[in-house]
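First comes the structure, then the notes that go with it.
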Amino acid sequence: MIVLQVNQLYKSYIADEILSGVKLEVQHRDRVALVGRNGAGKSTLLKIIAGKLSYDSGEIIMPKGIELGYLDQHAGLESNLTIWEEMMTIFEPLKQLEKHIRSLELQMTEPAVYENPELYQKVTAEYDQLQHDFKIKGGFQYEADIRSVLHGMQFYPDTYQQSISSLSGGQRTRLALAKLLLKKPELLILDEPTNHLDIETLNWLENYLKNYSGAILIVSHDRYFLDQVVSIVYEVSRNHVTKFTGNYSHYLDDKAKNYERDMKMYEKQMDEKAKLETFVQKNLARASTTKMAQSRRKVLEKTDWMSSPDGDEKSAVFSFDIEKQSGNDVLSIDKLTIGYDTQTAISKNIDLRLYKGDRIALVGPNGVGKSTLLKTIIKELPKLAGDIRYGTNVKMGYYDQELAKLSTNRTVLKELWDEWPMMNEKDIRTVLGRFLFSGEDADKIVRDLSGGEKARLTLAKLMLEKNNVLILDEPTNHLDLDSKEVLENSLIDYPGTLLFVSHDRYFINRIASKVVELSTDGSFEYLGDYNYYLEKKEELAEIAAEKAATMPAKKVTTVTTSTTQSNNAIDKEAKKKERKIQRQIEEIEKQMAEKQTAIEQLETDLCDPKIFSDHEKALAIQTTLDDEKEQHEELELQWFDLNEQLESI
């Protein structure tokens, strides 16, 4: 079933055409990505589809009754309610339905109703229907759904009563995403949903979206995320949209093949064009060949010659170099405590060794102090305890994820020239051109630049510094996929040492030779890329679980100790049982969701005229539908039983 169709859509801002003749289609359960450079029109297209922006011409078709959910990349939940209260507002219709069901139950106990067969039958019929509706709409599991999604977005029970107005901007963005996921619209539109998410939350979101019951349309610059989630890619380029089947990696392969094919065709056409032009120039003035030349000139004028596959889209071209080599020992950190003051220490017992040529990725959950550690290393923040030693000839360059090092009132040209006054203007403009600031772009005021432009300008300054150590805090945050690839290639060729924080798993895999995981209690080093880090972490967790299972019980020496240990053992056993039941509940909820999807599809099939007019096909589908419903009801009974067990622990 088609849930969205965009036909011949045009959008312009004054004289600038943004989208031209766009065609796009999304089917039920499709996972679709919109990709393209910053400024290509991806977010504009999403806003038009979501009804947030007008368009010049074309049509957007959605079936009646389809619910659309849209999350802007800058969205943040604004509310005076607590986290739990806000999430519960989504299910207000279900709560009202539940109240109605309870009122019918009371009616059925009243003599005036059960002594009147006709009235009793009417009330029970309504009760049965409402019970069925309540169950189908998730009435028995919406609180479990809230807890599951909040947990995935890193909001735990101790935060449920926290006021939303007291949350940070990043937390409110995550909460806005959580609320949208709980609404479960048939078409989910997400603009940069991976912003403000750490790696653990990204993994959860990927798995959630893979199993999502509706269709998804996403804009994201996270290649790893796109490869995991999407199966269709629409590229927005030069005002047009082109469809590719497969994930992002498949799209890149297909695009490369198309480029190679188009370039051959283009070169062939340009060769033919050149021959025609040469013939016209040589023969137009000759009386004997004038007509032939005029004929070929008409061919030249009438032919719709291909434009170059390269188009006018240029990529940044830059590389990082060093002025002087550092010593082999670049940085030594021992028992370091970091934070903003002694009362608010964020992390302690951090140990880190950075050697010449290392490429170390610093990972860990949000709020654990990754950026704080980098700022402490570059002496922007004081250390609270421990020791930091710097190697010989170490010259550090720092990339701030907030891009706060830029002077907002200067022009782009002045931003570089004021710091390198000995360079002539031509050389400064050449550098800026390599970072896609050409012509009038160099005269833009820094405060008016987009996030991607500010990121490129910061990288330009960093390139000119020629540091032998680069400390990078989320360097890919504001870059489009094309610019990310250029940055990755330049860092791979960089002859110095790297220490960086990133949530971009593809970037980490390409760049890192080591991964250091930061926690509130210290750091742990893994000698490999991100995939190795995941494998090793899983292996260490399995070893720890095996040790815990085989560890002998300690001998009891006193009655008091025995009682305490006995109570602890009971608590541990109860928690173990609780976790086991919780896992079973989650598995059943997953199975119920799958059954519900199958039931909805079968019911849709039965409404198809081609099927309901064929008695045998309709009967077969109805039989399957009855079986699926019966299995769904059995799962519900198991779900009730397990929840009762959970409450009794």
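The values are calculated or read from the model by the stated rules, or taken from the named source; none is laboratory data. Quantities reported herein were computed from a predicted structural model and do not represent experimental measurements. FYI the Cβ positions are ideal-geometry reconstructions off the backbone, even for glycines, and counts take in every protein chain you see. Heavy atoms of the whole protein, side chains included, go into the accessibility calculation; ligands, DNA and RNA do not. Shrake-Rupley method; radii C 1.70, N 1.55, O 1.52, S 1.80 Å.
When you scan segment 58-106, how many residues do you find that are under 26 Å from Ile218 (Cα atoms) and acidic (Asp, Glu)?
Count: 5.
Given the criterion surrounded by 12 or more Cβ atoms within 10 Å (Cβ to Cβ) and on the phi > 0 side of the Ramachandran plot, identify the matching residue among Leu436, Leu457.
Sole residue among the options that is surrounded by 12 or more Cβ atoms within 10 Å (Cβ to Cβ) and on the phi > 0 side of the Ramachandran plot: Leu436.
What are the pairs, 6+ residues apart or on separate chains, where a residue within segment 268-279 that is aromatic (Phe, Trp, Tyr) has its Cβ under 8 Å from a residue that is open to solvent by 60 Å² or more (accessible area, probe 1.4 Å)?
Phe279/Met292; Phe279/Arg296
Conditions (1) modelled with pLDDT of 95 or more; (2) more than 28 Å from Lys379 (Cβ to Cβ); (3) in contact with a Cys (Cβ under 7 Å, 6 or more places away or on another chain); (4) of a type outside the set (A, V, I, L, M), marked per residue:
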position: Val394; (1), (2), (3), (4): yes, no, no, no
position: Tyr398; (1), (2), (3), (4): yes, no, no, yes
position: Leu416; (1), (2), (3), (4): no, no, no, no
position: Arg434; (1), (2), (3), (4): no, yes, no, yes
position: Gly439; (1), (2), (3), (4): no, yes, no, yes
position: Val446; (1), (2), (3), (4): no, no, no, no
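Which condition from (1) over 25 Å from the mean Cα position of the chain (by Cα); (2) over 22 Å from Tyr156 (Cβ atoms); (3) β-branched (Val, Ile, Thr); (4) crowded, with 17+ Cβ neighbours inside 10 Å is the one that Ile346 breaks?
If we test Ile346 against (1) over 25 Å from the mean Cα position of the chain (by Cα); (2) over 22 Å from Tyr156 (Cβ atoms); (3) β-branched (Val, Ile, Thr); (4) crowded, with 17+ Cβ neighbours inside 10 Å, just (2) comes out false.
Do you know which of the residues in segment 258-317 that are more than 30 Å from Glu453 (Cα to Cα) and of a type in the set (Gly, Ala, Ser) is nearest to the chain's Cα centre (by Cα)?
Ala274
Taking interchain pairs and intrachain pairs at least six residues apart, which have beta carbon atoms under 6 angstrom, with the first residue in segment 353-368 and assigned to a loop (DSSP other than H, G, I, E, B) and the second buried (at least 16 other Cβ atoms within 10 Å of the Cβ) and of a type in the set (Lys, Arg)?
What qualifies is Gly364/Lys370.
For Met265, work out the one condition from (1) without any contact (Cβ under 8 Å) to a residue 40 or more places away in the chain; (2) farther than 24 Å from Ile2 by Cβ; (3) surrounded by fewer than 16 Cβ atoms within 10 Å (Cβ to Cβ); (4) of a type outside the set (S, T, N, Q) it doesn't fulfil.
With respect to (1) without any contact (Cβ under 8 Å) to a residue 40 or more places away in the chain; (2) farther than 24 Å from Ile2 by Cβ; (3) surrounded by fewer than 16 Cβ atoms within 10 Å (Cβ to Cβ); (4) of a type outside the set (S, T, N, Q), Met265 is out only on (1).
What are the residues in segment 590-649 that are part of a helix (DSSP H, G or I), polar (S, T, N, Q) and either under 36 Å from the mean Cα position of the chain (by Cα) or at pLDDT below 80 (or both), if any?
Gln591, Gln596, Thr597, Gln601, Thr604, Gln631, Gln638, Asn643, Gln645, Ser648
Within segment 1-113, considering only strands (runs of 3 or more DSSP E) that don't extend past its boundaries, which have at least 1 residues that are in contact with a Lys or Arg (Cβ under 9 Å, 6 or more places away or on another chain) and closer than 28 Å to Lys210 by Cα?
Details: elements: 2-13, 16-27, 31-35, 57-61, 68-71.
Filter on segment 1-113 gives 2-13, 16-27, 31-35, 68-71.
Can you pull out the residues in segment 175-222 that are small (Gly, Ala, Ser) and under 10 Å from the mean Cα position of the chain (by Cα)?
Ser220 - this is the single residue of segment 175-222 that is small (Gly, Ala, Ser) and under 10 Å from the mean Cα position of the chain (by Cα).
Listed here are the residues, each with its yes/no results for (1) over 21 Å from Glu200 (Cα atoms); (2) modelled with pLDDT under 90; (3) touching an Asp or Glu at 6+ places or on another chain (Cβ under 9 Å); (4) outside any helix (DSSP H, G or I).
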position: Ala442; (1), (2), (3), (4): yes, no, no, no
position: Gly452; (1), (2), (3), (4): yes, yes, yes, no
position: Thr458; (1), (2), (3), (4): yes, no, yes, no
position: Thr476; (1), (2), (3), (4): no, no, yes, yes
position: Leu487; (1), (2), (3), (4): yes, no, no, no
position: Pro495; (1), (2), (3), (4): yes, no, yes, yes
position: Phe507; (1), (2), (3), (4): no, no, yes, no
position: Val515; (1), (2), (3), (4): no, no, yes, yes
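Results for (1) in contact with a His (Cβ under 6 Å, 6 or more places away or on another chain); (2) within 14 Å of Asp400 (Cα to Cα); (3) open to solvent by less than 10 Å² (accessible area, probe 1.4 Å); (4) among the hydroxyl-bearing types (Ser, Thr, Tyr), shown as yes or no for each residue.
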| position | (1), (2), (3), (4) |
| --- | --- |
| Asp427 | no, no, no, no |
| Leu432 | no, no, yes, no |
| Asp443 | no, no, no, no |
| Asp448 | no, no, no, no |
| Ile471 | no, yes, yes, no |
| His478 | no, yes, no, no |
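Which residue out of Leu104, Leu94 is free of Cβ contacts under 8 Å to residues at least 60 places away in the same chain and touching a Gly at 6+ places or on another chain (Cβ under 6 Å)? Show your work before the answer.
Details: Leu104 fails: touching a Gly at 6+ places or on another chain (Cβ under 6 Å).
Result of the check over Leu104, Leu94: Leu94.
Check Leu4, Leu71 and return the single one that is under 25 Å from Thr597 (Cα atoms), of a type in the set (A, V, I, L, M, F, W, C), open to solvent by less than 20 Å² (accessible area, probe 1.4 Å) and at pLDDT below 95. So that I can check it myself, show each step before the final result.
Working: Leu4 fails: at pLDDT below 95.
Leu71 is the lone residue from the list that is under 25 Å from Thr597 (Cα atoms), of a type in the set (A, V, I, L, M, F, W, C), open to solvent by less than 20 Å² (accessible area, probe 1.4 Å) and at pLDDT below 95.
For the structure I just gave you, tell me whether Ile378 is out of contact with any Phe, Trp or Tyr (no Cβ under 8 Å at 6 or more places or on another chain) and of a type outside the set (Ser, Thr, Tyr).
no
Kindly check whether there is at least one residue in segment 168-179 that is part of a loop (DSSP other than H, G, I, E, B) and free of Cβ contacts under 8 Å to residues at least 12 places away in the same chain. Explain how you work it out, then say what you get.
Initially, segment 168-179 is screened for residues part of a loop (DSSP other than H, G, I, E, B), giving 168.
Next cut, free of Cβ contacts under 8 Å to residues at least 12 places away in the same chain only: 168.
Yes, segment 168-179 contains at least one residue that is part of a loop (DSSP other than H, G, I, E, B) and free of Cβ contacts under 8 Å to residues at least 12 places away in the same chain.
Specify which of the listed residues (Thr476, Thr458, Thr411) is hydroxyl-bearing (Ser, Thr, Tyr) and over 23 Å from Phe507 (Cβ atoms). Can you show your working first?
Working: Thr476 fails: over 23 Å from Phe507 (Cβ atoms); Thr458 fails: over 23 Å from Phe507 (Cβ atoms).
Among Thr476, Thr458, Thr411, only Thr411 is hydroxyl-bearing (Ser, Thr, Tyr) and over 23 Å from Phe507 (Cβ atoms).
Which residues, taken from segment 298-307, are open to solvent by less than 100 Å² (accessible area, probe 1.4 Å) and either of a type outside the set (A, V, I, L, M, F, W, C) or outside any helix (DSSP H, G or I) (or both)? I'd like the intermediate steps shown before the answer.
In the first step, residues of segment 298-307 are kept if they are open to solvent by less than 100 Å² (accessible area, probe 1.4 Å); the result is 299-300, 303, 305-307.
Scanning segment 298-307 gives Thr303, Trp305, Met306, Ser307.
Would you confirm whether any residue within segment 126-141 is in contact with a Leu (Cβ under 7 Å, 6 or more places away or on another chain), in a helix (DSSP H, G or I) and within 25 Å of Asp473 (Cα to Cα)?
The answer is no, given that none of the residues of segment 126-141 is in contact with a Leu (Cβ under 7 Å, 6 or more places away or on another chain), in a helix (DSSP H, G or I) and within 25 Å of Asp473 (Cα to Cα).
All but one of (1) open to solvent by 10 Å² or more (accessible area, probe 1.4 Å); (2) of a type in the set (Val, Ile, Thr); (3) at pLDDT 95 or above hold for Thr194, so report the exception by its number.
Result: Thr194 passes all but (3).
Any idea which residue in segment 104-131 is nearest to Asp145 (Cα to Cα), counting only those that are under 44 Å from the mean Cα position of the chain (by Cα) and polar (S, T, N, Q)?
Result: Gln131.
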